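See structure below.
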Amino acid sequence: MKQFTVLLALFSFLFIYGSCQVVNSAQNKTNREISKKTNKKIEDIFNKDDNKKSPDGNGDNKSDSDNDPNNSDINSNPTQTRNASDFIPGEKIIFIDTLKRELLGEFPSKWDLRTGNIEVMKFEGKNVIGYASGGEIFPLIDKKEYLPEQFTIEFDCYFHNYGNEAYSVNFDKSRESFTVRSDGIYGQSITRAKEKYSIGWRHIAVSFNKRSLKIYYNGERLHNKPNIKDIPNSLSIKALTGGASKGKYAMIKNIRIAEGGVPLYDRLITEGKFVTNDIHFEYNKAELKSESWRTIINVADMMKLHTDVNLRIEGHTDGDGSGAYNLDLSQKRASAVLSALIKEGIPANRLSAKGIGENSPIAPNNTAEGKAMNRRVEFILID
């Protein structure tokens, strides 16, 4: 009898325990479903603006070498949205490399090698600098110290999300440096990007102003170091290419170093105008490229904040092509920028557009840097 009582008690315990496990399992499943739905809603809120497409302009163009088919986009990533980016590109170009007319398999002609095996490669139909086995390169510039006290740097780097991939920008042979990985910026601290781990290009931008260093990842400011003790004088770009044996090379393109980067309103008030080379158009068209919206949104936000600011938009070209064609092209492009600002909420009566063509160069048209400076949009402060 005693034995029977013990067995009955054990059976009752197992039955109750099993019932609780079933209830807990069902409850856990329900909680997981609720959690998944909640996370989905949160993701939808964060991604709502990112999925919006930018409006486009239209027109034709047959001469502007800024839009050579071999000159890849400054930023081929999805259109950036309002994410507190305050990056303003410098207006005076110190160094630019579009990799035009470079020979495949050769070392890129506008660079020097510090370490590694690096060559010009073709990717997605366009020339890129490929790190065949990792390594480090630096711009081939006559001066050893060429970075001024205010400068900006921009480049695109590619991630396969395979192996150990990283890109490092080293100032003055690593006196100051930071590293870009597929999920954000690594330096003295690690800052994760909202857009991370995806395969594809990342647009990296750096702004230095006398002693403060800011770093942007696809338009999102991730790093702000307010006090750099020593002003950087030079730079190099290093890469780890963990997937090289599988043909998944580290790659960079569209490198641009420029002097300047003063905030828009300050520049308008002190100089009466804001000059930018960071508004780009489709080849043979006056259609804005997606990366141009970063600058257009910055201008629109500034005009909304300062309602007394009225602007004339002037389009400029380099000297390639006929003068008449360039004049017409520049007018169409200036008008496209005006239309874009109106779509961003700026009243039409605060804007005007004028094409200047090739008639007001600010640099010689016999170098890539000079042509890039001449291909510009100017915003002139008017009454």
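The values are calculated or read from the model by the stated rules, or taken from the named source; none is laboratory data. This one's a predicted model, so the numbers in the text were calculated from it and none came from an experiment. Cβ coordinates were reconstructed from backbone atoms using ideal geometry, including for glycine residues, and neighbour counts include every protein chain displayed.
Observations, loosely collected:
- Residue within region 296-309 that is of a type in the set (S, T, N, Q), farther than 19 Å from Arg267 by Cα and not assigned by TED's automatic domain parsing to the domain that holds Glu154 present: no
- Counted residues, region 156-168 - those being closer than 18 Å to Ile215 by Cα and surrounded by fewer than 20 Cβ atoms within 10 Å (Cβ to Cβ): 2
- Reported count of residues in region 320-344, each being closer than 17 Å to Asn310 by Cβ and either of a type in the set (A, V, I, L, M) or within 24 Å of the chain's Cα centre (by Cα) (or both), is 8.
- Residue in region 246-255 that is surrounded by fewer than 18 Cβ atoms within 10 Å (Cβ to Cβ) and at pLDDT 85 or above present: yes
- Just one residue in the set Val275, Val299, Val262 is in contact with a Leu (Cβ under 9 Å, 6 or more places away or on another chain), in contact (Cβ under 8 Å) with a residue 60 or more places away in the chain, more than 30 Å from Lys122 (Cα to Cα) and crowded, with 16+ Cβ neighbours inside 10 Å; that residue is Val299.
- Spans of helices (runs of 4 or more DSSP H) in region 257-369 with at least 1 residues within 27 Å of His203 (Cα to Cα) and aromatic (Phe, Trp, Tyr): 264-271, 293-305
- In region 219-237, residue surrounded by the most Cβ atoms within 10 Å (Cβ to Cβ) [restricted to those that are assigned to a strand (DSSP E or B) and under 18 Å from the mean Cα position of the chain (by Cα)]: Ile237
- Enumeration of residues in region 203-218 that are free of Cβ contacts under 8 Å to residues at least 40 places away in the same chain and part of a strand (DSSP E or B): Ser212, Leu213, Ile215, Tyr217
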